[in-house]
Amino acid sequence: MATLLPLLTTYHPVFASQFCQTDEQTQAVISQYAKRLLDEGIGADGFARGVKALEKRAATERFAPNPSEFAVMCMPSPAGLGIPEFQTVLMQIVDRNGARAGEAFEFSHPIIRLISQRKGALIRELTGLDFERVIKSEYDHWTKRLQAGEQLPEPQLTIGHDQRPDMPAELRLAPKSAMAQRVEAMRAEAAKRKEQAAKND
């Protein structure tokens, strides 16, 4: 914190006038930065990363980052850890659990396989927007854990080496979207017509 305080007051003079009027005030504020770094498990390498980011940020930002913002600045970026962008993750999960369900599928990153195993089946139950929200929440959760230096859990094989078995019709959940319900109604109508045509012949 002896390194951080001079940076905050030098690069952000407003910070000094707001939070460094007395020694007690300065100590209370800087202890909040220390607490956030400890809570997030930020070590020396992360702190150095945050200091560099703070120096660059000062060129465009007038106000100092708050303790939580500074802790995020200390974490490696998702791209720096090799984590794909969210849209790539979402598209592969939709592919695997939608059009290509049941086929062998190669994920481009272990985080995508993990999220797909945990939440991919919800594609059959949720609307597109709700499904995207669930996947984004998982993505943010696991990205944050990787940024904090944790490892992903070992992948687990599901039945048939990650191939989903067909469920009996009575156990399948009803589709939620209006489009899916319409498709089901059209299929039922077509089946009825086919059956009627067969009887007439």
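The values are calculated or read from the model by the stated rules, or taken from the named source; none is laboratory data. These numbers were taken from a predicted model, which means no experiment stands behind them. All Cβ positions, even for glycine, are placed from backbone atoms using ideal geometry, and neighbour counts span all protein chains on display. Note: accessible area is taken over every heavy atom of the protein model, side chains too, but ligands, DNA and RNA are not part of it. Shrake-Rupley method; radii C 1.70, N 1.55, O 1.52, S 1.80 Å.
Brief remarks on what is shown
- Scoring 4-13, 113-122 by mean Cβ neighbours within 10 Å over their residues and listing the highest first yields 113-122, 4-13.
- Only lysines eight or more places from Lys199 in sequence, or on another chain, were considered; none has a Cα closer than 24 Å.
- With the convex hull constructed from alpha-carbon coordinates only, segment 32-79 shows a mean projected area of 3.4 nm² over all directions.
- When the alpha-carbon atoms of segment 73-132 are used, the pair Rg, Dmax equals 12.6, 41 angstrom.
- Site pair Glu150 and Glu132 shows an inter-label distance of 2.7 nm when each label is modelled 7 Å from Cα along Cα→Cβ.
- Under Karplus coefficients 6.51, -1.76 and 1.60, residue-wise ³J(HN,Hα) of segment 107-120 in Hz, glycine/proline x: 7, 7, 7, x, 5, 6, 4, 4, 5, 5, 5, 7, 10, x
- Remark on Ala64: its backbone amide H falls under 5 Å from those of Phe15, a criterion applied only to residues 5 or more positions apart or on other chains, H modelled at 1.01 Å from N.
- Heavy-atom accessible area per residue - segment 14-133, 1.4 Å, Å²: 57
- Computing FRET efficiency as 1/(1 + (r/R0)^6) for Ala16 and Gln87, where r is the C-beta to C-beta distance and R0 is 41 Å, gives about 0.50.
- Taken over the Cα atoms of segment 40-161, the convex hull encloses 125 Å³ per residue.
- Gain in span if fully extended, Lys199 to Met1, counting 0.36 nm per residue against the direct Cα distance: 62.8 nm
- Here segment 1-131 exposes an accessible surface that is 55 percent carbon and sulfur, computed with a 1.4 Å probe and the other protein chains kept in place.
- Put a dot 7 Å past the Cα of Ala101, heading toward its Cβ, do the same for Lys192, and the two dots end up 2.5 nm apart.
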